[in-house]
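Down below is the structure, laid out as structure tokens.
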Amino acid sequence: MATIKRDYYEVLSVERTATGDEIKRAYRKKAIEFHPDRNPDNPEAEDSFKECSEAYTILSDADKRTRYDRLGHEGMGGPGAAGFDPVDLGSMAEILEGLFGDVIGGRRRRGRNARDLAYDLDISFVEAATGVEKDITVTRPAPCDTCSGSGAAAGTTPTTCEACRGRGTVRQQRGFFSTARPCTSCNGSGKKIDKPCKPCRGAGMVPKDVELTVRIPAGVENGAVRTVRGEGEQTAEGKGDLHVTVRIADHPLFTREGADIHCMVPISFPQAVLGAQVEVPTLEAKVKMKVPPGTQSGRTFRLRGKGIPVFGGAGKGDQLVQVMVEVPEKINRTQRKLIEELAAEMGIETHPQQSSFLEKLKALFD
């Protein structure tokens, strides 16, 4: 009885309008799930991997996909009408490398680019606002000076691995599939080291400290990543990058919202009633701010251009100053008497918000 083949788009779980990149990503996801190396002795997983590989082979080829869209499985006629040409997974090395990364079975693949490195940089709130240059020390792998990165002791040289004949990979046949795996004899390097270099123990790489200066632009956000090109791992295949994650410390007075900064300034009851000039801290220096008579607690004032430079753009944000009327916790007898006389003199008419509240309260319960 003939096997009913599933729709290729259904196999990869993509829409018929999917782009080439979407199809490739979908295949990668399926390949990770069903790859024989991750599902040993599992015939069902091997069949599923075969199915998604077949679907990818057709849908990743523009001509085959067009023919399939018009005619379906019957359109893939000829000798392969009932199936498809067997896939040599070695020909999909680029895709599979993207699936499983640089390391397989704990061994680095041969010929990969140098790795990127990460570094967390702590800076102050003001440094983030104004910009700063920071000197940092990064420990990164670099070629061993003793053996110049060969891994072999002085006076000796690596020899070609006989198991893989210098290719760094060996073929493995798993029924329908042919896969290329890193050679276990040489750890995928293609070379054998009979007498390893002592400082690097044959690895060819040693950790080295390097001092770098990183420029942090004004207005950088917390968690932003600055990339320093070519300052990652150093190998014979190239240089990786260094990704610096910026971590901004809290400020005792300021908080930030985009390019604007916020702060709270306490004022006394007389200052709120009569008005005053109060000192306000900014990122640059103290400034005088006018508080008009009758200022209510919680009112916010805006200081134009006293905020943080707009990152990647022109201009600066503002500083928003919220004033809070501070009520004394302790007063002496003389002060109490004066306040009682003031309260009697002022009456409720001088407190319009309180008067309005009491009127609404009275109406609610009457």
Going by average Cβ neighbours within 10 Å, how do the peptides 274-282, 138-146 rank, with the highest at the top? 138-146, 274-282
Under 5 Å, built H, 5+ apart or other chain: amide partners of Glu231: Leu242
Of the listed links Lys30/Lys191; Lys30/Lys198; Lys134/Lys316, those spanning more than 32 angstrom between alpha carbons are Lys30/Lys191; Lys30/Lys198
Summarise the long-distance tail of P(r) for segment 113-207 by giving the % of C-alpha pairs beyond 22 Å. 53
From the phi angles alone, apply the Karplus equation (6.51, -1.76, 1.60; θ = phi - 60°) to segment 156-170 and give each ³J(HN,Hα) in whole Hz, x where the residue is Gly or Pro. 10, 9, x, 10, 5, 5, 6, 5, 10, 6, x, 6, x, 9, 10
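Rounded to the nearest 5, what is the percent of antiparallel bridges among the DSSP beta bridges in segment 251-327? Provide the component values of the computation, followed by the final result.
Numbers: 14 of 22 bridges.
Roughly 65 percent of the DSSP beta bridges within segment 251-327 come out antiparallel.
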Convert 20 °C to kelvin, take the viscosity as 1.002 mPa s, use the Kirkwood radius over C-alpha pairs of segment 237-293 as Rh, and evaluate the Stokes-Einstein diffusion coefficient in µm²/s, rounded to a whole number. 143
For segment 272-284, just list the computed ³J(HN,Hα) in residue order, Karplus coefficients 6.51, -1.76 and 1.60, θ = phi - 60°, integers in Hz, with x standing in for Gly and Pro. 5, 6, 8, x, 6, 9, 10, 7, 10, x, 10, 5, 9
With a cap of 13 neighbouring Cβ atoms within 10 Å, and only residues DSSP puts in a loop, list the trypsin sites (Lys or Arg not before Pro) found in segment 150-229. Arg165, Arg201, Arg229
Can you run phi through the Karplus equation (6.51, -1.76, 1.60; θ = phi - 60°) for segment 53-63 and list ³J(HN,Hα) in whole Hz, with x for Gly and Pro? 5, 4, 4, 5, 4, 7, 6, 7, 9, 4, 5
Hits among aspartates and glutamates - C-alpha to C-alpha of Lys330 under 17 Å, sequence gap 8 or more where chains match: Glu340
Geometric extent, Cα atoms of segment 251-327 - Rg, Dmax (angstrom): 13.2, 44
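Could you tell me what fraction of 2.2 N^0.38 Å the Cα radius of gyration of segment 200-322 comes to, as a two-decimal ratio? Intermediate results must be reported in sequence, preceding the final value.
Details: Rg = 23.0 Å, N = 123, 2.2 N^0.38 = 13.7 Å.
Dividing the Cα Rg of segment 200-322 by 2.2 N^0.38 Å gives 1.68.
Every read-out reported here was derived from the displayed coordinates using simple, explicitly stated rules and does not represent laboratory data. What you are looking at is a predicted structure, and each value in this text was computed from that prediction instead of being measured. Glycine also receives a Cβ, built like all others from the backbone with ideal geometry; neighbour counts cover every protein chain displayed.
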